[in-house]
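Below: one structure, written as structure tokens.
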Amino acid sequence: MRIRVKFSKTGKIRWTSHRDLARMWERAFRRTELPLAYSVGFSPRPKVSFGLALSTGHESVAEYLDLELDPAKVEGLELDALPQRLTAALPEGVDVIAVVRIDDRHDSLQHEVSSTTFEITAAGATVGELRTFVAQALAAPSIVITRERKGQAVTDDVRPAILSVDVCGEVAADDGRTCVQLVAELATRPRGLRPAEFLSALSSSLEEVRVRRTNQWISRADGAREDPLPPDAEGAPPAQLLERVS
């Protein structure tokens, strides 16, 4: 039995690393006595796989993980009750939004997710200046930046990874600065574009202040775009709840 979990990571817990978050989940599984399936071999491991890693310091209301349950031990397990049970076993700031059963034929989240949407708060430009930067970037045939990959500096054309951008307006940062908020959908394949890299592609004057991932998307062969949480899956919450959380 394979299930997919959607959860959020907000507040101070955003400063924990992806590896630390995985350890938190392992403890939550033990506390709730979830009947996980395990791999075979010398060192059995629970069959749990996370989606795209979230950068340390970023928040999210659209994180996912897949796990397999032992079919011999799932009798009586209520999926509707799992969000509350798991949230109670996790640190403050990590909240389970939904738990759904998915088809075994689904590929891993790492392979399926093709783009993500970020809500980005940036300093270093006015609303008008940022709109100019965005217009120039979207009109450019290519945007070449230098970034690090496996300890080596490489140059990449990141223009294909910038799928859409919307400048929302001014917001106040936690430190009192007046910043600008924008929403950007960035591709994850063939290589993902991080929000900080995206801002540097717009202008070297921009500084990342706060980032929240709001959506992850799966593109299908027919051009359709889907949320990783199938709305018709067993245990899925009402669509209006997903919209309100996202």
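General remarks:
Condition check ((1) modelled with pLDDT under 90; (2) under 23 Å from the mean Cα position of the chain (by Cα)) across all residues:
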position: Glu148; (1), (2): yes, yes
position: Gly151; (1), (2): yes, no
position: Val158; (1), (2): no, yes
position: Ala161; (1), (2): no, yes
position: Ser164; (1), (2): no, yes
position: Val167; (1), (2): no, yes
position: Val180; (1), (2): no, yes
position: Val183; (1), (2): no, yes
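- Take the conditions (1) more than 23 Å from Glu185 (Cβ to Cβ); (2) surrounded by 18 or more Cβ atoms within 10 Å (Cβ to Cβ); Ile120 misses just one of them, which is (1).
- Matching residues, the stretch 1-25, being charged (D, E, K, R) and surrounded by 14 or more Cβ atoms within 10 Å (Cβ to Cβ): Arg2, Arg4, Lys6, Lys9, Arg14
- Looking at the stretch 151-211, the strands (runs of 3 or more DSSP E) lying wholly inside it that each contain 3 or more residues that are free of Cβ contacts under 8 Å to residues at least 24 places away in the same chain sit at 152-157, 162-172.
- Picking from residues in the stretch 53-64 that are part of a loop (DSSP other than H, G, I, E, B) and surrounded by 18 or more Cβ atoms within 10 Å (Cβ to Cβ), the one that is nearest to the chain's Cα centre (by Cα) is Leu54.
- In a residue-by-residue description of the stretch 87-110, the property of being assigned to a helix (DSSP H, G or I), over 30 Å from Glu26 (Cα atoms) and either in contact with an Asp or Glu (Cβ under 8 Å, 6 or more places away or on another chain) or not assigned by TED's automatic domain parsing to the domain that holds Cys168 (or both) applies to no position.
- Inside the stretch 212-246, residues that are touching a helix residue (DSSP H, G or I) at 6+ places or on another chain (Cβ under 7 Å), part of a loop (DSSP other than H, G, I, E, B) and at pLDDT below 75 make up a count of 2.
A quick yes/no check of all residues on (1) in contact (Cβ under 8 Å) with a residue 40 or more places away in the chain; (2) on the phi > 0 side of the Ramachandran plot; (3) not in a loop (DSSP other than H, G, I, E, B); (4) not assigned by TED's automatic domain parsing to the domain that holds Val96:
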| site | (1), (2), (3), (4) |
| --- | --- |
| Arg19 | no, no, yes, no |
| Met24 | yes, no, yes, no |
| Ser43 | no, no, no, no |
| Pro71 | yes, no, no, no |
| Asp80 | yes, no, yes, no |
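The values are calculated or read from the model by the stated rules, or taken from the named source; none is laboratory data. Quick caveat, the model's predicted, so the values are computed rather than measured. All Cβ positions, glycine included, derive from the backbone under ideal geometry; neighbour counts span all protein chains shown.
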